[in-house]
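Before any comments, here is the structure.
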Amino acid sequence: MPKNWKTKLIHTDAKIPTGFRSLSAPVYRGSTVLFPDAASVSDDWDQYEVGYTYGLYGTPTVLELAARICELEGGYRTLITPGGQSAISLINLALLKAGDHILVPYSIYGPNRHFAGRLLKRFGVEVTFYDPNIGGDIQSLITNHTRLVWTESPGSVTMEVQDVPATSEAAHAAGALVVLDNTWSAGVYFDAFAHGVDVSMQALTKYIGGHSDLLLGSVTARTKEVFHRIGAAQQLIGTAVSPDEASLALRGMKTLAVRLKAIETSALELAHWLATRPEVELVLHPALESCPGHEFWKRDFSGAAGVFAIVFRRQFSKEQVLAFVDSLELFEIGYSWAGVTSLAVAYDFRGNKNRPDYGHRIVRLNVGLEDAGDLKNDLENALNRMK
Ligand SMILES: Cc1ncc(COP(=O)(O)O)c(C=O)c1O
């Protein structure tokens, strides 16, 4: 039918050549998804089963990212969330109800611990925090109501590598699911599903994105049943992801292997060198024997990422530790590791009786892609200034 120009703005007959092929994933935008006819209209969330129904449940760009993460981690299927923390909250909200009990290691990413201790408790979920070095003895903490055992390996800041297979065995014997924050290994250096994990989540914000310019998370389930429980909850919670963020993450993934390799080499060189420095009491790098759980890293991991921590000797005051961080020139100060820029952050565990006795003396380093020699010089200059 003839169209007024105003209608043409919305319903165009303009044609462009077809057959464009490139190497980058197209960015598909869309809240509304078109149905071929009235009878096809559906609000089902599982786009794999019903086709595309609504942008909230994933455009092709977001689903491509999900499928690629799933391919790397080897699970049944993956959901993408707006950040790592929303992946954590989604898993908890999807899999727990009032009266359930969960186990959470003291070493887990702080906001994960707080979600359990502050929010889940308010909703009637019983939470027990546990020592990440407990291994198979976790069995003694499991009750008839235990539904989830959270793990993060290595742990945030204090870097304890957990015995995930022993934890999984104990959890499964009691009918509980095991969830792993697999961010440090980028989903590739630790094969979560081969070690008994049921749900593996990552902050894609970190190594997958890799350039400190996006926020995304992933939740990968081992089975269809668990995927459906989490997917159905995500529909109701309503967390959608922008295709722009997803396309950045897809771009980041292409260079993951070379970034990880370069970062691993530099971080190991720096960690070994830092262990020889008189100012440093302990290097908490999973590939070094000084790291709690090093034997599990050696047994279960195929590589090491670039985040580790150093603990200064007891003689150093908090002011001296902060001055060390401040005097670094190449290591910037900031959260959200795994980008190309090296970072340093000082932590203070004083007053926390459940964490190792590192007090104010612990500094977490994120090694980026700068020249390792320059990074060493930077650390050396800052250490020399501590005297
Ligand atoms: C181990 C770990 N898990 C989860 C998160 C949360 O990720 P996001 O910042 O994308 O919410 C972080 C962020 O620092 C993290 O370090």
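How many percent of Cα pairs in the chain exceed 40 Å?
It works out to 21 percent of all Cα pairs.
Which loop trypsin sites (Lys or Arg not before Pro) in segment 12-81, with loop taken from DSSP, have no more than 11 other Cβ atoms within 10 angstrom of their Cβ? Intermediate results must be reported in sequence, preceding the final value.
Details: sites: Lys15, Arg21, Arg29, Arg68, Arg77; in loops: Lys15, Arg21, Arg29.
Answer by residue number: Lys15, Arg21, Arg29.
HN-Hα J couplings of segment 139-152 from phi, Karplus 6.51/-1.76/1.60, θ = phi - 60°, integer Hz, Gly and Pro as x?
Values, residue by residue: 3, 5, 9, 7, 10, 5, 9, 5, 10, 10, 10, 7, 9, 8 Hz.
Averaged per residue, what accessible area in Å² does segment 23-73 show with a 1.4 Å probe, protein chains only?
The answer is 61 Å² per residue.
Which ³J(HN,Hα) values in Hz, rounded to whole numbers, follow from the phi angles of segment 259-268 under the Karplus curve 6.51 cos²θ - 1.76 cosθ + 1.60, where θ = phi - 60° and Gly and Pro get x?
Listing the rounded values in order: 5, 4, 5, 5, 5, 4, 5, 5, 4, 5 Hz.
Run lengths n ≥ 4 of DSSP H only: what is the helix-derived mean residue ellipticity at 222 nm for the chain, with -39500 (n - 2.57) per run over all residues, to the nearest 500?
Mean residue ellipticity at 222 nm (helix-derived): -10000 deg cm²/dmol.
Run down the lysines and flag those whose C-alpha is under 27 Å from the C-alpha of Lys224, throwing out any fewer than 8 positions away in its chain.
Answer for Lys224, where 27 Å is the Cα cut-off: Lys97, Lys206, listed by chain and number.
Using r as the Cβ-Cβ distance of Arg385 and Ser336, and R0 as 25 Å, what FRET efficiency do you calculate, to the nearest 0.05?
Details: r = 27 Å, r/R0 = 1.07.
Calculated value: 0.40.
Using a Gaussian network model of the chain whose springs link C-alpha atoms within less than 10 Å, name the residue from Asn354, Asn92, Asn133 with the highest mean-square fluctuation.
Asn354
Probe radius 1.4 Å, ligands and nucleic acids ignored: give me the carbon and sulfur share of the accessible area of the chain as a rounded percent. Could you put the intermediate results ahead of the total?
Details: 9700 of 17850 Å².
Result for the chain: 54 percent of the exposed heavy-atom area is carbon or sulfur.
Whole Å is fine, so just give me how far the alpha carbon centre of segment 10-64 lies from that of segment 152-216.
If you average the Cα positions of each part, the centres end up 32 Å apart.
Could you work out how far apart the two model spin labels at Lys254 and Trp273 are, taking each label as a point 7 Å from the Cα in the direction of the beta carbon, and quote it in nm?
3.2
What whole number of Å gives the distance from the Cα centroid of segment 226-292 to the Cα centroid of segment 85-119?
Distance between centres, Cα-based: 20 Å.
Loop-only trypsin sites (Lys or Arg not before Pro) in segment 288-369, please: DSSP not H, G, I, E or B, and at most 15 other Cβ atoms within 10 Å.
Those that pass, being in a loop and sparsely packed, are Arg313, Arg314, Arg350, Lys353.
How would you classify segment 239-387 from its alpha-carbon gyration tensor, with a ≥ b ≥ c the square roots of the eigenvalues: rounded for a/c under 1.5, else prolate if a/b is greater than b/c, otherwise oblate?
Prolate, since a/c reaches 1.5 and a/b exceeds b/c.
In nm², what is the average projected area of the convex hull enclosing the Cα atoms of segment 47-193?
That works out to 9.1 nm², a quarter of the Cα hull's surface.
The values are calculated or read from the model by the stated rules, or taken from the named source; none is laboratory data. Computed from a prediction, not measured in an experiment: that's the story for all the values here. So basically every Cβ, Gly included, is an ideal-geometry build from the backbone, and we count neighbours across all protein chains shown. Each accessible area value is taken on the protein alone, full model and side chains, heavy atoms only, with ligands, DNA and RNA left out. Shrake-Rupley method; radii C 1.70, N 1.55, O 1.52, S 1.80 Å.
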